[in-house]
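Data first, discussion second: the structure below is written as structure tokens.
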Amino acid sequence: MSASGGTKAIVAALGANLAIAASKFVAFAFSGSSSMLAEGVHSLADSGNQALLLVGGKKAQREATPQHPFGYGRERYIYAFLVSIVLFSVGGMFAIYEGYEKLQHPHEIDHWYWPVGVLVFAIIAESFSFRTAIKESNPLRGEHSWKEFVRRAKAPELPVVLLEDFGALVGLVLALLGVGLAIVTGDGVWDGIGTICIGVLLVLIALVLAAETKSLLLGEAAGPEETRKIEAALVDGDTVTRVIHMRTLHLGPEELLVAAKIAVRHDDTATEIANAINAAEARIRQAVPIARVIYLEPDIYSEAEAAKGPDREATPGGPAHPAADH
């Protein structure tokens with residue numbers, strides 16, 4: 001996985017979650033707190049999620065094949081989407097169910113110091129993991145807000161880890177409040193309420209992750225900055241006079257497909273046009289290194305045809321488009 005995939009953040013989160021999950025299950029065994037059980041399952045689900053991200057990153061590195069000529073970059077999106085499903089079902093729905101059961105059959109928390117101690121330890125450990133994810137994300141985030149970063153990021157791993165760690169910290173606080181109120185009041189209902197709140201939080205985070213990774217799976221275009229760089233690199237003012245139409249598509253977080261129709265002069269020779277296309281491809285790759293698959297179609301610019309859009313320029317069954325002559 002590339003550096004931008006956030007491998008360091010994933011490994012840090014995986015180590016923290018495994019340690020936290022073990023401590024939470026021990027605390028549940030001694031105290032009988034449903035919040036601790038829900039939190040234990042949550043941490044176990046998070047550990048599985050980080051393992052999925054690592055597997056997805058590894059599989060995405062496979063070479064292209066005749067059956068998959070554009071490679072396997074989107075494997076990372078698929079595994080990130082699986083993370084949202086696991087978080088929703090194993091984490092969120094289990095916590096809601098466990099909280100409901102606790103509301104139906106409340107009981108006091110035994111050995112209260114176990115859940116409180118474990119929750120304090122878990123908050124500290126998750127804070128270190130969250131700090132690592134933030135540190136790894138800042139260079140990629142730039143001047144964008146965190147909300148924009150999560151929505152714009154093409155590499156899914158860091159947004160996933162950020163949202164998971166944030167949800168884990170908020171869930172731990174909710175668990176601590178639920179356990180604390182159950183201890184102070186002697187009413188186990190508060191423990192169940194805290195558990196349900198944890199479940200609702202996890203479901204909401206899972207839905208956000210699912211929406212973002214679904215967009216990546218469907219195929220997102222290059223960002224506005226990359227698009228401007230590509231358009232500027234295409235035109236040389238000599239042979240390539242303008243960009244008629246252009247479309248981009250992320251084949252993976254670090255691989256971009258560029259397809260453009262470019263205007264050339266009507267009296268250019270085939271050799272001049274071929275050389276201009278090669279030069280334009282080189283300029284694009286220098287301006288936007290992740291633009292690895294580039295298709296350029298030369299054409300004679302027509303304002304009327306260009307106004308129809310890239311899908312309607314040639315009339316079915318009509319005369320051949322001028323580009324067919326090149």
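From its DSSP helices (H runs of at least four residues, each -39,500 (n - 2.57)), the chain gives a residue-normalised ellipticity at 222 nm of -21000 deg cm²/dmol. Multiplying the residue separation of Val293 and Gln67 by 0.36 nm and subtracting their alpha-carbon distance yields 79.7 nm.
At a threshold of 8 angstrom on Cα-Cα distance, excluding pairs fewer than six apart, so keeping six or more, what relative contact order does the chain reach in percent? Relative contact order, the chain: 19 percent. Pairs of C-alpha atoms in the range 112-164 farther apart than 12 Å represent 67 percent of all such pairs. Between the alpha-carbon centres of the range 158-219 and the range 239-294 there is a gap of 46 Å.
Ignoring solvent entirely, what values of log10 I(q)/I(0) come out of the Debye formula for the range 1-152 at 0.11, 0.14, 0.19 Å⁻¹ when each Cα is a single scatterer? Cα-only, vacuum Debye calculation for the range 1-152: -0.54, -0.80, -1.18. Net charge around Asp110, counting only other residues with Cβ within less than 15 Å of its Cβ (Lys, Arg = +1; Asp, Glu = -1)? My count for the surroundings of Asp110 gives -2. Here Lys308 and Ala211 are evaluated by their C-beta separation; at R0 = 41 Å the FRET efficiency comes out at 0.80. Near the amide H of Leu256, within less than 5 Å, lie the amide hydrogens of Leu251, Ala291, Arg292, Val293, all on another chain or at least 5 residues away, with H placed in the peptide plane. About its Cα centre, the chain has a charge dipole of approximately 360 debye under the convention of +1 per Lys or Arg Cβ and -1 per Asp or Glu Cβ, with nothing else charged. Here, the chain yields an orientationally averaged convex hull projection of 20.4 nm² when only Cα atoms define the hull. Taking K and R as +1 and D and E as -1, what net charge do the other residues with C-beta under 12 Å from the C-beta of Ile10 add up to? In short, -2.
When the chain is treated as a Gaussian network with alpha carbon springs shorter than 10 Å, the biggest mean-square fluctuation among Ala222, Ala279, Ala51 belongs to Ala279.
Dividing the convex hull volume of the alpha carbon atoms of the range 78-210 by its residue count gives 99 Å³ per residue.
Close Lys pairs in the chain (alpha-carbon distance under 24 Å; sequence gap of 8 or more, or different chains): 18. Available extension along the chain between Ile300 and Ala221 is 25.9 nm, counting 0.36 nm per residue and deducting the alpha carbon span. The portion of the accessible surface of the chain made up by carbon and sulfur, rounded to a whole percent, is 62 (1.4 Å probe; DNA, RNA and ligands excluded). Screening the chain for whole DSSP H helices of 27 Å or more along their axis (Cα) with average Kyte-Doolittle hydropathy at least 1.6 returns 157-185, 189-218.
Using a Gaussian network model on the chain with a 10 Å cutoff between Cα atoms, which of Met246, Met36, Met93 fluctuates the most? Top of the fluctuation ranking is Met246. The length gained on full extension between Lys8 and Ser145, counted as 0.36 nm times the residue separation minus their Cα-Cα distance, comes to 47.1 nm. Largest GNM mean-square fluctuation across Gly192, Gly178, Gly117, computed for the chain with C-alpha springs under 10 Å, falls on Gly117.
Spatially, the range 100-123 and the range 5-59 are offset by 18 Å when compared through their Cα centroids. Taking 7 Å steps out from each Cα toward its Cβ at Leu169 and Ala259 produces label points 4.3 nm apart. Of the residues Pro289, Gly99, Thr239, the one whose Cα sits farthest toward the positive end of the charge dipole of the chain, with +1 on the Cβ of Lys and Arg and -1 on the Cβ of Asp and Glu, is Gly99. Accessible surface for the chain, divided over its residues, is 49 Å² per residue with a 1.4 Å probe. Relative contact order of the range 18-65: 34 percent, from C-alpha pairs under 8 Å at least 6 residues apart in sequence.
For the range 41-115, the relative contact order comes to 33 percent (Cα pairs under 8 Å, sequence separation of at least 6).
Taken about its Cα centre, the range 1-130 carries a charge dipole of about 640 debye when Lys and Arg each add +1 at the Cβ and Asp and Glu each add -1 at the Cβ. About its Cα centre, the range 263-309 has a charge dipole of approximately 360 debye under the convention of +1 per Lys or Arg Cβ and -1 per Asp or Glu Cβ, with nothing else charged.
The values are calculated or read from the model by the stated rules, or taken from the named source; none is laboratory data. Keep in mind it's a predicted model, so treat the numbers as computed, not measured. All Cβ positions, even for glycine, are placed from backbone atoms using ideal geometry, and neighbour counts span all protein chains on display. Each accessible area value is taken on the protein alone, full model and side chains, heavy atoms only, with ligands, DNA and RNA left out. Shrake-Rupley method; radii C 1.70, N 1.55, O 1.52, S 1.80 Å.
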